Amino acid sequence: MNRTRRVLDTLTRTHVSLGRFAGVPVGLNLSWFPVFLLVTWSLATGFLPHTAPAAAQEWTWIAAFVGTALFFASILAHEFGHALVALHAGIGVSSVTLFVLGGVSRLAEEPRTAAEELRIAGAGPLVSLVTAAGFLGATPFLSGWPLATAIAIYLVVVNGAVALFNLLP
């Protein structure tokens with residue numbers, strides 16, 4: 001268990017600070033950068049050319065970059081769902097960090113009750129579901145822009161998947 005904890009601490013250690021939000025330090029682990037590039041490449045060379053084949057390649061890459069940035073902003077919002085509910089419950093939050101597997105909110109202490117833990121745990125998936133619904137609601141307004149529509153649909157799917165994944169025990 002101690003070794004697993006050390007590996008997790010290494011994977012989630014903040015290397016690049018993005019500042020503070022609601023008093024909580026926000027950062028990126030170095031492992032995040034290759035994942036950002038991989039997701040951007042995957043969108044630009046696979047998903048977007050398939051869903052918007054008439055789009056110019058430079059616009060496809062720009063859309064892929066924006067889509068990846070919005071995906072990670074969604075992960076950050078998910079983590080802040082956990083963090084803000086914890087803060088509201090009087091539990092300190094040491095940091096929020098994006099890393100290779102997504103994100104992590106480091107709580108300064110354990111929740112005091114099962115109900116408190118349930119609220120904190122459920123806040124992130126709820127944020128992801130609301131985010132997915134928001135992007136789904138935006139799609140009718142994007143119908144004239146195939147790349148924007150494709151990115152919105154992508155964000156509906158990945159935020160829904162993040163929510164469901166986080167609800168697994």
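The values are calculated or read from the model by the stated rules, or taken from the named source; none is laboratory data. Keep in mind it's a predicted model, so treat the numbers as computed, not measured. Note that we place each Cβ from the backbone using ideal geometry, even for glycine, and neighbour counts take in every protein chain shown. With ligands, DNA and RNA removed, areas are computed over all heavy atoms of the protein, side chains included. Shrake-Rupley method; radii C 1.70, N 1.55, O 1.52, S 1.80 Å.
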Are any residues in region 40-61 open to solvent by 30 Å² or more (accessible area, probe 1.4 Å) and free of Cβ contacts under 8 Å to residues at least 40 places away in the same chain, and if so, which ones? 41, 42, 45, 46, 49, 50, 53, 56, 57, 58, 61
Go through 110, 58 for me and flag whichever is out of contact with any Phe, Trp or Tyr (no Cβ under 6 Å at 6 or more places or on another chain), outside any helix (DSSP H, G or I) and charged (D, E, K, R). 110
Exclusive hit being touching a residue at least 60 places away in the same chain (Cβ under 8 Å), within 20 Å of residue 64 (Cα to Cα) and touching a Leu at 6+ places or on another chain (Cβ under 7 Å), set 152, 148: 148
Going through region 127-146 in order, the residues found to be under 19 Å from residue 166 (Cβ atoms) and either charged (D, E, K, R) or surrounded by 17 or more Cβ atoms within 10 Å (Cβ to Cβ) (or both) are 127, 128, 129, 131, 132, 135
Can you name every residue in region 82-92 that is touching a residue at least 12 places away in the same chain (Cβ under 8 Å) and either surrounded by fewer than 22 Cβ atoms within 10 Å (Cβ to Cβ) or touching a His at 6+ places or on another chain (Cβ under 7 Å) (or both)? 84, 87, 89, 91, 92
